[in-house]
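Here is the structure we will look at.
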Amino acid sequence: MALLDQARPGRCGFRGTLDQREGRAGPHDAVRTPRWLCLAAVTALAQARSLMRVTVAGDPLRAIAGYDVRHDCLMGTARVSTDVRVFLGIVFGLPWALWVFEQIAGVRVLFFAAMLSVAVATWVASRYVWRPVNIAEATALLPVRPIGRTVRYCLLAFVLFIAMSALAVALNAATGLYPADLDGFSALRDVYGSGIAGGAGVPWELIGQALAANALQFVLILPLAFCEEWGWRGYLLNRMRERMGTWPALILIGVICGVWHLPFYVGPWFSMSGDAARSLLPFTIFCVFFGMVLGWLRLAAGSIWPAVVGHAVNNTLVFGFVQVVVADKAAEPRIDGWLTGLSGWQGWLIMLVPVAVLAARTRASGADAAADHHE
């Protein structure tokens, strides 16, 4: 990377001391190489790389340069497009194949296997098409150090999604979009204690059972959340940022994630209920905001692990506990994907707050790091 960085047009000086050569230059002087020679060297490296059919371990250009955005720019866009196309082909193809299997065999495998398919697509695209020097670093599995930073962002993700969901529930109740039942806890009793439905008072024991059940589900679903986040915010975010920048990449990946969920909405013979059809678009918009929160958590932490935690919390404690614990069972017909929960417009506004804070903090940290580097 250092060699290619120094060889970029406009930065053709290859730094090195001249003390041993002429006995007069200081340690920070540089040998100035003509621009045409720098460009010729870069072109030769690029042409050599395009002609070589070697494994990653024997790839001299990547060994010299390391994985870097500039390196992929030097190699052109064909390689980037190919591995992304392979990823998208697998990540969309496998869930639909699983959907067909479900329709034929009647065995429910889509929910778990579709999430695994994202990891399969990531591995195939990274290992056999893209082939970075270090897949773990290139797909944001690393770095996890400093450990304290990673742990703090994981805890932030855990608390953040619960807090955002609780705020959305409170706003829904305060604005009358979806009332809370603080007297009978009817939805909670219906879901977790049907035998005691219709009771009164705060069912503390039932609340504890529901919380424990969802906490266990959170632990169990972490590997599946990892499969998704490794693909969406690990592999694909890095690849798309190189081509279009951070914000467009985050938005596009959110749309892709929303469309990717389509098999979950489609019934036998490609039928779709009215409720499913009405909720698909707001859910896709939710995926954009949801993905931006996860994406900035991943960028702030430097790795995907906070996004994994946030995704798992959302799929368990948020949907299974926070949005149920005080809900009014009688108001279920009023649930609307455009209005209620984090998927509603109030939820979108709530998610914009941590997105703005994380984005500003991440960019400020990056600017500080760049300034320190130049100093």
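The values are calculated or read from the model by the stated rules, or taken from the named source; none is laboratory data. Since the model is a prediction, treat every value here as computed from it, not as a measurement. Please note: Cβ atoms are built from the backbone with ideal geometry, for glycine as well, and neighbour counts cover all protein chains shown.
So here's what we get for this one:
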{"item": "Flag if G267 is surrounded by 23 or more Cβ atoms within 10 Å (Cβ to Cβ) and among the small types (G, A, S)", "result": "no"}
{"item": "Matching entry among L236, L220 (being crowded, with 20+ Cβ neighbours inside 10 Å, out of contact with any Leu (no Cβ under 6 Å at 6 or more places or on another chain) and more than 30 Å from A330 (Cα to Cα))", "result": "L236"}
{"item": "Residue satisfying all of: in region 142-189; in a loop (DSSP other than H, G, I, E, B) and of a type in the set (G, A, S); nearest to the chain's Cα centre (by Cα) among these", "result": "G176"}
{"item": "Helices (runs of 4 or more DSSP H) contained entirely in region 261-375, each with at least 2 residues that are touching a Pro at 6+ places or on another chain (Cβ under 7 Å) and either outside the structural domain of F158 (by TED's automatic domain parsing) or among the hydrophobic types (A, V, I, L, M, F, W, C) (or both)", "result": "274-301"}
